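Structure first, then comments.
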Amino acid sequence: MHSSCRDSIRELLATYTPSDRADSGYADAMQSLVEGPGDPLSRHFFDPGHFTASAFVLSPDRRRLLLIHHHKLGRWLQPGGHIEGHDPDARAAAEREVAEETGLVRSDLVPLEEPARLLDVDIHTIPAHGKEPAHAHYDLRFGFVARNATTSIGDGVGEVRWVEFEEVDRLSPGASIRRALLALRGRAHD
Amino acid sequence: MAHQYVFTLQQLRKVAPPDKIILDGISLQFLPGAKIGIIGHNGAGKSTLLKIMAGIDTDYQGEAWAADGIRVGYLAQEPELDPEKDVLGNVEDGVREIRDLLTRFEEISAKFAEPMSDEEMNQLLEEQGDLQDRIDAVDAWNLDRTVEVAMDSLRLPPGDADVSKLSGGEIRRVALCRLLLEKPDMLLLDEPTNHLDAESMAWLEGYLKNYSGTVIVITHDRYFLDNVTEWILELDHGKGYPWKGNYSSWLDQKQELLARSEKEESKRRRTLRQELEWIRMTPKARQTKSKARIRAYEEMVKEDQKIRAAKVEILIPNGPRLGDRVIDAHKLTKGYGDRLLIDELDFQIPPNAIVGVIGANGVGKTTLFRMIVGQESPDAGKLEIGDTVSYAYVDQSRAELDGEKTVWEEISGGLEEIELGKQRVNSRAYVSSFAFKGSDQQKRVGRLSGGERNRLHLAKLLRSGGNVLLLDEPTNDLDVDTLRALEEALLNFAGCVMVISHDRWFLDRVATHILAFEGESRVCFFEGNFHDYENRMREELGDAYDRPHRVKFKKFHA
């Protein structure tokens, strides 16, 4: 069911150039996952985990980043989530999540690159919860620039905000978002 | 862009009679030019997979096919040579096609000296041009030189040597040389690093890294895996798990994966973590660590055995406490026939040292062990052995094994619990830590392969309770998991170890000293691990160190 989407991830990883050492370790692990047995696109594949997709969206003036306040986690994050069976590829999954969480639909977003390329990759552990064992999210990250800034608050989201670059680190500290933002700003100027 | 795969496996399944599942539905695609290392326990199906891909084993379910026009070359663990030909003749078989082109080119060149019509001349010129293009395309003008370099680098016996008189190791090297010169699009190599010394290994690494075709290799040599491969294919319980990255990267990913699935750290994960920590250490920190081992002897002797048993997969009991003198050599000299093996060697081995003994085959390493335990005596100079020393040593050529006993009986003496020093452990668990899993423990000793016999010897030797272990090539037949476990075991053992090994990674991890048989009867005792030793040699010899050469001896006049 996921086979064409899986091929698209293979292509994405083949053209991806990691920005630092941690990142290149993630890229290796991602390739291991996509070539490995099982269905790493299914949200029920826990050993070691599954792919997710997320979006780093620049405001139309390219000076702010789109973040959501995640209800359950109580944290500011970029929009993103699981890849569904009907998503044709990983970037489409990221676009769908942006629409569901922030109200910005596909026609509001200009992809940073065409054909699709990865902006960044990140692997983070999700602790055991309910019946789900601890597992990892292998997050495929894409860059976009928004055509308009009008957002609405979607499912599971407490707040949607365009955040000044200087503010991002304070609101959502961590190397992973910093690294992606750096890549985003670098490529948006190309 | 879709990739053109050079080889495809589809639901590949292999069952060994009567019902042992070796490969359980493996589906994989191989990219052109990929360099892949296969790892897995002994018996995990590594060789079987390679044989199926080589088209030698056709008794399987599912599908395995090479893409159109892809030439597959295979090095078996026990390759065969053409007995009608000498060494050079066998090697030349690898370049037969190219050789024919060159011969024809020369024939044509010679013909131009003879009178001929314009038409004949044009025809010859055309053929010559065509030949020239084909020879250019494979860059074969220096074929003689290429063959010579390959033969020298892999330390082949002389070209006119009779292949029926070669040792197993020499046969493998000739076969490897022939295969590499054939340059197939896909190379399948089953343990190509066995019987290669460090310098030939370095040459092979460089060669394969730059090889334009796909390379799939089974090896337990972790530097080789780290330096050459970009993918690791792990075989486990019949399944194949591809991992992107070299050996270190695999270790990293595997450790992460285990960390996520385990509540408490297993011994296996601890062992992986220790190796990973070691990889991440700077050379300086590694040096400090190995020096600290020598100082820490007293503490290690006193360490609680119970705590130690909980940490390691293989427990080596500490023998009786060692005094300050262990083994001292003074102007030790030994010859064999008319060859001088050891020429005025001096060394002093401190308690808790782990001495890696290295050198090409046949230079006198085993002879040194025999002298140390008193089975042979020096021709000159002396060996002084400390009063407290008790050896654990098996001379594998003489050791007696009962062929009718099972592996488990031979190692455990039929006891469910065995004593390792003051610690009692389950004997089946102990036997399985030497990669004898499940039904392998019930195999009759008489029916074991050479590699299995060596593991059996090792398991018996390590439980015997000496304070000086003499290990002769223990690493050759171990899979990577067992090797790692053995390293941890030695690092946690309070006592002295002298170990003959070609495994550079193993020596780097455990050795505090190197005793190097350098050729021309020179033996050098060096404080540091193999990497330190190599660095010093490079400083001394420059590039000459990396260029393999055949071993020479001084004449011996007793």
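The values are calculated or read from the model by the stated rules, or taken from the named source; none is laboratory data. Here the structure is a predicted model, which is why all the values come from computation and not from measurement. Here the Cβ is made from the backbone with ideal geometry for all residues, glycine too, and neighbour counts use every protein chain on show. Just the protein is used for accessible areas: all its heavy atoms, side chains included, with ligands, DNA and RNA removed. Shrake-Rupley method; radii C 1.70, N 1.55, O 1.52, S 1.80 Å.
Just one of the listed residues (A:Ala136, A:Ala116) is assigned to a strand (DSSP E or B), within 14 Å of another protein chain (Cβ to nearest Cβ) and either under 15 Å from the mean Cα position of the chain (by Cα) or under 21 Å from A:Glu159 (Cα atoms) (or both), and it is A:Ala136. Hey, does the stretch A:67-77 have a residue that's open to solvent by less than 10 Å² (accessible area, probe 1.4 Å), within 16 Å of A:Asn148 (Cα to Cα) and either within 14 Å of another protein chain (Cβ to nearest Cβ) or not in a strand (DSSP E or B) (or both)? No, there is no match, as no residue in the stretch A:67-77 is open to solvent by less than 10 Å² (accessible area, probe 1.4 Å), within 16 Å of A:Asn148 (Cα to Cα) and either within 14 Å of another protein chain (Cβ to nearest Cβ) or not in a strand (DSSP E or B) (or both).
Among the residues of the stretch B:212-224, not a single one is in contact (Cβ under 8 Å) with a residue 60 or more places away in the chain, of a type outside the set (S, T, N, Q), surrounded by fewer than 20 Cβ atoms within 10 Å (Cβ to Cβ) and assigned to a helix (DSSP H, G or I). Of note, B:Thr288 satisfies the criterion of being loosely packed, with under 14 Cβ neighbours inside 10 Å and assigned to a helix (DSSP H, G or I).
Within the stretch B:67-85, work out how many residues are open to solvent by 20 Å² or more (accessible area, probe 1.4 Å) and in contact with a strand residue (DSSP E or B) (Cβ under 8 Å, 6 or more places away or on another chain). Total meeting the criteria: 7. Might you check whether a residue that is open to solvent by less than 10 Å² (accessible area, probe 1.4 Å), more than 27 Å from the chain's Cα centre (by Cα) and on the phi < 0 side of the Ramachandran plot occurs anywhere in the stretch B:338-346? Scanning the stretch B:338-346 turns up at least one residue that is open to solvent by less than 10 Å² (accessible area, probe 1.4 Å), more than 27 Å from the chain's Cα centre (by Cα) and on the phi < 0 side of the Ramachandran plot. Taking B:Ile316, is it in a loop (DSSP other than H, G, I, E, B) and more than 22 Å from B:Gln255 (Cα to Cα)? Taking the combined requirement at face value, the residue satisfies it. Kindly evaluate B:Ala54 against the criterion of being surrounded by fewer than 18 Cβ atoms within 10 Å (Cβ to Cβ), in contact (Cβ under 8 Å) with a residue 24 or more places away in the chain and farther than 13 Å from B:Lys14 by Cα. So B:Ala54 does not fit the description; no.
In the stretch B:422-440, the residues that are under 17 Å from B:Asn42 (Cβ atoms) reach residues that are part of a loop (DSSP other than H, G, I, E, B) and open to solvent by 30 Å² or more (accessible area, probe 1.4 Å) with C-beta atoms within less than 6 angstrom, at least six apart or across chains, in these pairs: B:Ser433/B:Glu313; B:Ala435/B:His41; B:Ala435/B:Asn42.
For the stretch A:154-190, the candidate set comprises residues that are outside any helix (DSSP H, G or I) and at pLDDT 90 or above; within that set, the residue that is least open to solvent (accessible area, probe 1.4 Å) is A:Val163. When B:Phe436 is tested against (1) assigned to a loop (DSSP other than H, G, I, E, B); (2) open to solvent by 20 Å² or more (accessible area, probe 1.4 Å), just one condition goes unmet, and that condition is (2). Would you confirm whether or not the stretch B:408-419 contains a residue that is charged (D, E, K, R), at pLDDT 90 or above, more than 24 Å from B:Tyr336 (Cα to Cα) and crowded, with 16+ Cβ neighbours inside 10 Å? Yes, there is a match, as at least one residue in the stretch B:408-419 is charged (D, E, K, R), at pLDDT 90 or above, more than 24 Å from B:Tyr336 (Cα to Cα) and crowded, with 16+ Cβ neighbours inside 10 Å.
Determine which member of the set B:Leu88, B:Leu12, B:Leu49, B:Leu28 is surrounded by 15 or more Cβ atoms within 10 Å (Cβ to Cβ), outside any loop (DSSP other than H, G, I, E, B), free of Cβ contacts under 8 Å to residues at least 60 places away in the same chain and on the phi < 0 side of the Ramachandran plot. From the options B:Leu88, B:Leu12, B:Leu49, B:Leu28, the qualifying one is B:Leu12.
The residues of the stretch A:9-53 that are within 11 Å of chain B (Cβ to nearest Cβ), of a type in the set (S, T, N, Q) and touching a helix residue (DSSP H, G or I) at 6+ places or on another chain (Cβ under 7 Å), listed by number, are A:Gln31, A:Ser32.
Of all residues in the stretch B:138-175, those that are among the small types (Gly, Ala, Ser), part of a helix (DSSP H, G or I) and in contact with a strand residue (DSSP E or B) (Cβ under 8 Å, 6 or more places away or on another chain) total 1.
If the condition is being surrounded by fewer than 21 Cβ atoms within 10 Å (Cβ to Cβ) and more than 10 Å from every other protein chain (Cβ to nearest Cβ), then the stretch B:227-247 contributes B:Asn227, B:Asp236, B:His237, B:Gly238.
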